[in-house]
Amino acid sequence: MECHFYVIVTFLLISMVVTLRLFNNNFKGYRELKGYNKDEILRVKNTITALKSDKAKSQELDEFLKSELKLDINTLFTSYFNDVKTFSEEFLFTRSKKDYSSLKQAIMSELKLISSNVTNLSSNGRNLKRLIKNNEYLDEFLKVNKELIQDINNFLPRLESFTDEPEQEYENDGALWIEANKIKNLFFKFNHIPSNLNNWEEIQELVVYITSLVEAKLKKKIKSRKEIVLNFHFDELYQFLLSKVDENIDNYNDFIYMLYQNGIIEDYEGEAFVNVLERKESIQNLKDKMRPVLVALIKDKLKKHLQEIEDLDKRYDLNGHGLGKLKLELLMEQKFSEFLPKIVDLYFKGLDKKFQGLVSDVSDPEEFVKVINSNYNRVDKFALRIDEIDGWILNFDKILKPYTNITSTLKKTLANIISEILRRKEEYTNYLDNIKDESLRVDVRSFVDENC
């Protein structure tokens, strides 16, 4: 029990630290600050005039300035910038540009808001300075604000340039990871929180939430002497995300994925998945979820080649159903192991027919070489695209695990396709070499005939 108590108290103590949020800060009710309007300028002018007329009230003047310039709120702005800059260096800039795009956008919005607020406060400060010529506090306030605005203006372009919104669903690792884990609903565990994350309210809320889950489990296992692990099902974690529906859930999705990528939460294998029926259902649901993602990936990567196949079909009737009758969209509704080899076969069939038409009218060996090189380059580009698709499929393993066998058939199909493409490339190379050799023999015979 002492171990149970220690674990819970340790995590609860984090929530006692005064913190800010990564996004949607309240800033003590001063989220948006405006510059003085004409009535407010008149109000502060009358107040300052009254306080300046009584030298005994110099301290009250300073207090009035601190109140008007929102000193405590201004300090929060500076604190947020310093903390979020450190956070970005540690957790955002160390990943790809496409990672956490929603979270980065939310942070940028927060920084732009702060910059606007500080600019307005500085404007108010300059208005006050016209009424109070010499005041050390006011001078220091304007100096600090100028530096903060400059720091934010220097940092924002860097964060913006490192933010790349995923254009395709298959590019959004974070969203796919969330969706896949909603289906798998396996166990995770909470690890030690780095000190540079303790100062964010989002992490504290999550810690309190997970801790409450652990407390509930411990009440049912009072006699257990096993090492305490802060473990949870993914659907329990997702309930935490759903509780934030009043905010942008994509920000929280990115936040959770960021925690996972940095090992703060990780897969927990201490609980075996024993329900065979649920396992089969999860695998089928994952297949159903990933198929449109994988089809979109293939369409995107082979876009130019698919268009080329359709154009070739209009000239050569590649499938025997009439010129231009080929329906690739219908074809791609088949299994990956069926439609991918057919696409490859159609592509090579089209290239061969086009090649035959070109070489039938060519007698110059150099022209032969140009035609063959052109086909070789097309096959080479096609191979690169297939390799790229294969790389993406391997990348999805981290999302699908432990059910990576879902894509095993697709991986084998791609491996066979790559072998076929390599065979075709070698075929073209040999053909090219033969033509070059024949050209050389013709040149030698011509030289001998002319000089003998």
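The values are calculated or read from the model by the stated rules, or taken from the named source; none is laboratory data. Nothing here was measured: the structure is a model prediction, and the numbers come from that model. With ideal geometry, Cβ positions are generated from the backbone for all residues, glycine too; neighbour counts draw on all protein chains shown.
Could you please find all residues in the stretch 184-216 being surrounded by fewer than 20 Cβ atoms within 10 Å (Cβ to Cβ), within 30 Å of Ile406 (Cα to Cα) and hydrophobic (A, V, I, L, M, F, W, C)?
Leu186, Phe187
Which of (1) under 26 Å from Gln150 (Cβ atoms); (2) buried (at least 16 other Cβ atoms within 10 Å of the Cβ); (3) within 42 Å of the chain's Cα centre (by Cα) is the odd one out, the single condition Asn82 does not satisfy?
All conditions pass for Asn82, except number (2).
Starting from the stretch 164-179, take each residue that is within 13 Å of Lys398 (Cα to Cα) and list its partners that are assigned to a loop (DSSP other than H, G, I, E, B) and among the charged types (D, E, K, R), counting only C-beta distances under 7 angstrom and pairs at least six apart or across chains.
These pairs meet every condition: Asp173/Asp99; Gly174/Asp99.
Looking at the stretch 278-290, can you tell me whether even one residue there is at pLDDT 95 or above, closer than 19 Å to Arg385 by Cβ and of a type outside the set (S, T, N, Q)?
No, the stretch 278-290 has no match at all.
Cβ contacts < 9 Å: first residue closer than 20 Å to Glu179 by Cβ, restricted to the stretch 291-316; second residue assigned to a helix (DSSP H, G or I) and of a type in the set (Ser, Thr, Tyr), any location; separation 6+ or different chain. Result?
Val293/Tyr170; Leu294/Tyr170; Leu294/Thr407; Ala296/Tyr170; Leu297/Tyr170; Asp300/Tyr170
Can we say Ser337 is farther than 22 Å from Ala415 by Cα and surrounded by fewer than 19 Cβ atoms within 10 Å (Cβ to Cβ)?
So Ser337 fails the test.
Tell me, please, whether a residue that is among the acidic types (Asp, Glu) and at pLDDT 85 or above can be found in the stretch 356-378.
No, the stretch 356-378 contains no residue that is among the acidic types (Asp, Glu) and at pLDDT 85 or above.
Please state which one of Lys66, Lys98, Lys133 is in a helix (DSSP H, G or I) and of a type in the set (D, E, K, R).
Lys66
Looking at the stretch 307-332 only, could you name the residues that are in a loop (DSSP other than H, G, I, E, B) and closer than 9 Å to Leu346 by Cβ?
Leu318, Asn319, Leu326 - these are the residues of the stretch 307-332 that are in a loop (DSSP other than H, G, I, E, B) and closer than 9 Å to Leu346 by Cβ.
Go over the candidates Phe382, Phe368, Phe339, Phe348 one by one and state the one that is more than 18 Å from Ser419 (Cα to Cα) and either in the same structural domain as Tyr431 (by TED's automatic domain parsing) or small (Gly, Ala, Ser) (or both).
Criteria check complete, one pass: Phe368.
So which residues in the stretch 45-79 are closer than 30 Å to Arg158 by Cα, charged (D, E, K, R) and exposed (fewer than 15 other Cβ atoms within 10 Å of the Cβ), if there are any at all?
Scanning the stretch 45-79 gives a single hit, Asp72.
Quick one: in the stretch 158-186, which of the residues that are among the hydroxyl-bearing types (Ser, Thr, Tyr) and in a helix (DSSP H, G or I) is nearest to the chain's Cα centre (by Cα)?
Ranking the candidates gives Tyr170 first.
For residues that are touching a residue at least 60 places away in the same chain (Cβ under 8 Å) and over 26 Å from Leu351 (Cα atoms), scanning just the stretch 372-394, find the one that is farthest from the chain's Cα centre (by Cα).
Selected residue: Ile393.
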